[in-house]
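Worksheet for the structure shown next.
The values are calculated or read from the model by the stated rules, or taken from the named source; none is laboratory data. If you're wondering where the values come from, they're calculated on a predicted model, not measured in any experiment. Reconstructed Cβ throughout: ideal geometry from the backbone, glycine too, with neighbour counts over all protein chains shown. Accessible surface is based on the protein model in full, side chains and every heavy atom, while ligands, DNA and RNA are left aside. Shrake-Rupley method; radii C 1.70, N 1.55, O 1.52, S 1.80 Å.
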Amino acid sequence: MKSQKTKTPSASKTSSVVSFSFDSAVLVKRLLGAASERSRKVLAQRFGLGTSPERETLEAIGDRLSITRERVRQIEAAGLSAIRASKVFKEAEPAFDEIVKHIVGMGAIVSEDALLRGLGKDEKARNRFRFLLVLGASFVRERETDDFLARWHIDHETAKTVHDALSRLYSSLGDDAVLTESQLLDRFLDELKEVNDAYRDEEVLKRWLSLSKRIGRNPLAQWGRVTAPAIHVKGIRDYAYLAIKQHGEPMHFSDVSKAIGALFSKKAHVATTHNELIKDPRFVLVGRGLYALTEWGYQPGVVRDVIREVLEKNGPLKKDDIIKHVRLARFVKDNTILVNLNDSRYFKRAKDGRYDVA
């Protein structure tokens, strides 16, 4: 086999393509040669191993050859069996061992997309490695489900441990819970008590987390359920939510717009940002252009509504006490509060100086 760069395959922390001691194109060509001509053509079309990288369905191939979908599947299976029984397959064992070693380095179980991206620089190369993974006896593919992405593994015990740990981790998260990456990794480790110590690596743990379709992270590397408001980021409103939450206190809409650009490299016009904040119940206008999060305890409404709520909750209060309570809920001047408080249509003042709802 033609040699490329001689380098021990490893799970690099970058997204660079791993180098092997064999040429995948030469290896796949030799392996296909062990199948019958008809099987070879079907395999090439099914795995995108010909001039086109497009992978065809059983139905498409059957329609072109005027045979049934099941017959195509049988031809494909016969071709794979012939290759596995061949001398060239036996001779290729060291190449398969290198791929196994690479997957072990990635954590023994890895999503199909992440694995193939690391194995091939383009679609043709990835198709060749997909073919090798299907051929090899050591490799097991798990189909995509509601809980997990499609993935490959070489260790049933480790795969089950990871699946179970991810399910328990998801169950432990609240609907709106948001954790820092370090907090989530610590919690994940608690669920992985039975896993081999060799896999207790931050990069491996994050690869395992990426297998879950129910656990995700936002652009600030905060983790939670993918349905949580702080994790499910789609548009300006969601980016605004994260920006204000990150800031930790009310922000002017113009500052929110700037923060979206600084934090997420997303272009957010000031007027657009303001309009989105107005429409979303997650935000409350608490001052002139100032927005806070509803989840912080702020309630929608004008200053008059806040005064009414304060009095209904606490009973009649003196002017200074009312101002103190309102200032906790709204960033407004004292005079604005007094103007509303002295509106006799809504509030009344008793002889002892205390105010109540009219």
Exercise. With both partners inside the chain, how many of the DSSP beta bridges are antiparallel, as a percent to the nearest 5?
Key: 95 percent
Quiz item: Using the Kirkwood formula over every pair of different C-alpha atoms, what hydrodynamic radius in Å results for the stretch 50-109?
Solution: 14.2 Å
Exercise. Using a 10 Å cut-off on Cβ atoms, rank the peptides 33-45, 84-96 from the highest mean neighbour count down.
Key: 33-45, 84-96
Quiz item: Round to a whole number: what % of the accessible area of the chain belongs to carbon and sulfur, probe 1.4 Å?
Solution: 48 percent
Quiz item: Do the alpha carbons of any pairs in Lys206/Lys245; Lys318/Lys351; Lys124/Lys213 sit beyond 19 Å of each other, and which pairs?
Solution: Lys206/Lys245; Lys124/Lys213
Self-check item: Helix-derived mean residue ellipticity, 222 nm - over the chain, DSSP H n ≥ 4, -39500 (n - 2.57), to 500
Solution: -15500 deg cm²/dmol
Quiz item: Glu202 label point, 7 Å along Cα→Cβ, cut-off 19 Å on backbone N: hits in the stretch 169-192?
Solution: 179-192
Quiz prompt | Among Ile109, Leu149, Leu31 the positive-end extreme of the charge dipole of the chain (Cβ point charges) | solution = Leu31
Quiz item: What is the dipole size for the stretch 72-191, taken about its Cα centre, with +1 at each Lys and Arg Cβ and -1 at each Asp and Glu Cβ, in debye to the nearest 20?
Solution: 880 debye
Practice problem: Return one quarter of the surface area of the convex hull spanned by the alpha-carbon atoms of the stretch 103-190, equal to its mean projected area, in nm². | Solution: 6.9 nm²
Practice problem: Could you do me a favour and compute the accessible area per residue for the stretch 97-150, 1.4 Å probe, result in Å²? | Solution: 43 Å²
Quiz item: How big is the Rg/Rh ratio for the stretch 121-161, C-alpha atoms only, Rh by Kirkwood, two decimals?
Solution: 1.03
Practice problem: Over the stretch 248-327, give the accessible area per residue in Å² for a 1.4 Å probe, as an integer. | Solution: 57 Å²
Quiz item: Rounded, prolate or oblate: which fits the stretch 25-69 when a ≥ b ≥ c are the square roots of the eigenvalues of the alpha-carbon gyration tensor, with rounded for a/c under 1.5 and prolate only if a/b beats b/c?
Solution: oblate
